[in-house]
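For reference, the structure is listed below as structure tokens.
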Amino acid sequence: MTADYKKNLQNLISIVIKEDASDLHLSEDRVPVIRSAGFLVPISNHPALTKQDLKGILEELIDAPKKEIFLEKKQVDFAYYDDKGTRFRGNAYLNLGRISIALRLVPKKIRTLEELNLPAVLEKFVNKQQGFFLVVGPTGHGKSTTLATMIDMINEQRLEHIITIEDPVEYIFQSKKSIIDQREVLQDTPDFHTALDGAFRQDIDVLMIGEMRTKEDIATAVTAAETGHLVFSTLHTNSAAQTIERIIDSFDGNQQTQIRVQLANSLLGVFSQRLIPRISGGLIPAVELLINNNAVANLIRENRTFEISSVIETGSDQGMIDLNRNLSELVRAGEITMENAYLHSNNTKGLDHML
């Protein structure tokens, strides 16, 4: 690579856009790699990147405060956008002392539920005035995109004050009917918890928390939902039942009874998704949806979360979506392979009975 790191970075970004890729991976002693339709593809005609290349590219991507974090913690989250407005969520980190960078492309356009192949039942939660709704799933499987779509639906339909707290800010919203204020950790607030505490004094209607990282974040989010606000957030969990268990288990034993009661009262639903390679190309979501009703609320209060999956399986008439059923429908529709269905199922024995 030549020493014009900004130009070289822009050339790599152009390849990401041209190939309709979702991610760009840069690391010392390797050629750049993109992720396209879920698969990693080396840019084989590009020379391997050197230590100096990575240092130069990192200088273009992050500012001085982020550099300090990188030097101290050996990793840092950041957002980057180029002169053309192309935006990325990024993470720089060390591996065996070498610099690596992962960049996730954030589309400029916020797509609709239909464009994302997401179920229309999600609109039910957009129309709520208060409560707690979670979008969960593995890293890199579209949680932020789903949340952005739901927030923008509120933005288009209602006069609300919406605040997002993110690290980093990903999708940039344009205020439509709603007022939207986006706060980035370190740039606009020292941390999630400080921003969450402040939100109660900012006359908010809707709160979107990019990720709940501590039990204090969870407790504040649940309290906000209990006190008349509509709260959206994400967790890195694989199912609705696991999500509720993770939330409760993050608290000490003597606090768990209280959080179970609060969660039973405030939870609207848990939407779990993973993106699966589509036979015709691209990716398609496979989803699970838990809707909190009296039966679910009782299971949460009584610490019987292990029964939640059974409630989802039998709750389709109420709008719930069972992951195995959704996977089997995608197989029968010719959208995904049977192999990928089994690969993404949380209960392969249960899937056997549906295929």
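The values are calculated or read from the model by the stated rules, or taken from the named source; none is laboratory data. Please read these numbers as outputs of a predicted model, since none were measured by experiment. FYI the Cβ positions are ideal-geometry reconstructions off the backbone, even for glycines, and counts take in every protein chain you see.
Taking segment 12-44 as the search range and keeping residues that are over 14 Å from I99 (Cα atoms) and of a type in the set (K, R), which one is surrounded by the most Cβ atoms within 10 Å (Cβ to Cβ)? Ranking the qualifying residues of segment 12-44, first place goes to R35. Annotation: I336 fulfils all but one of (1) touching a strand residue (DSSP E or B) at 6+ places or on another chain (Cβ under 9 Å); (2) assigned to a helix (DSSP H, G or I); the unmet one is (2).
For every residue, the table says whether it meets (1) over 22 Å from T243 (Cα atoms); (2) in contact with a Cys (Cβ under 9 Å, 6 or more places away or on another chain); (3) of a type in the set (V, I, T); (4) loosely packed, with under 13 Cβ neighbours inside 10 Å.
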site	(1), (2), (3), (4)
R274	no, no, no, no
I291	no, no, yes, no
L299	no, no, no, no
I321	no, no, yes, no
N324	no, no, no, no
A333	yes, no, no, yes
N340	yes, no, no, no
L343	no, no, no, no
N347	no, no, no, no
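Taken together, the criteria exclude L71 from residues that are within 25 Å of the chain's Cα centre (by Cα), of a type in the set (A, V, I, L, M) and either assigned by TED's automatic domain parsing to the domain that holds L96 or modelled with pLDDT of 95 or more (or both). Give me the pairs, please: first residue somewhere in segment 223-247 and within 15 Å of R304 (Cα to Cα) and buried (at least 18 other Cβ atoms within 10 Å of the Cβ), second residue anywhere and among the aromatic types (F, W, Y) and at pLDDT below 95, beta-carbon distance under 9 Å, and either six or more positions apart or on two chains. So the pair list comes out as A241/F306. Being within 24 Å of the chain's Cα centre (by Cα) and either closer than 30 Å to G198 by Cα or hydrophobic (A, V, I, L, M, F, W, C) (or both) is a property that E245 has.
Cβ separations smaller than 6 Å between residues 6+ apart or across chains give the following pairs from segment 251-266 residues that are in contact (Cβ under 8 Å) with a residue 60 or more places away in the chain to residues that are β-branched (V, I, T) and in a helix (DSSP H, G or I): L263/I300; S266/V222. In segment 120-134, the qualifying residues are those that are under 15 Å from Q318 (Cβ atoms) and crowded, with 16+ Cβ neighbours inside 10 Å, and the one that is farthest from the chain's Cα centre (by Cα) is V121.
Quickly run through segment 118-152 and pick out the residues that are part of a helix (DSSP H, G or I), free of Cβ contacts under 8 Å to residues at least 40 places away in the same chain and of a type outside the set (G, A, S). Listed by number, the residues that qualify are E123, V126, T145, T149.
When residues in segment 47-82 are screened for being assigned to a loop (DSSP other than H, G, I, E, B) and touching a helix residue (DSSP H, G or I) at 6+ places or on another chain (Cβ under 8 Å), 2 of them pass.
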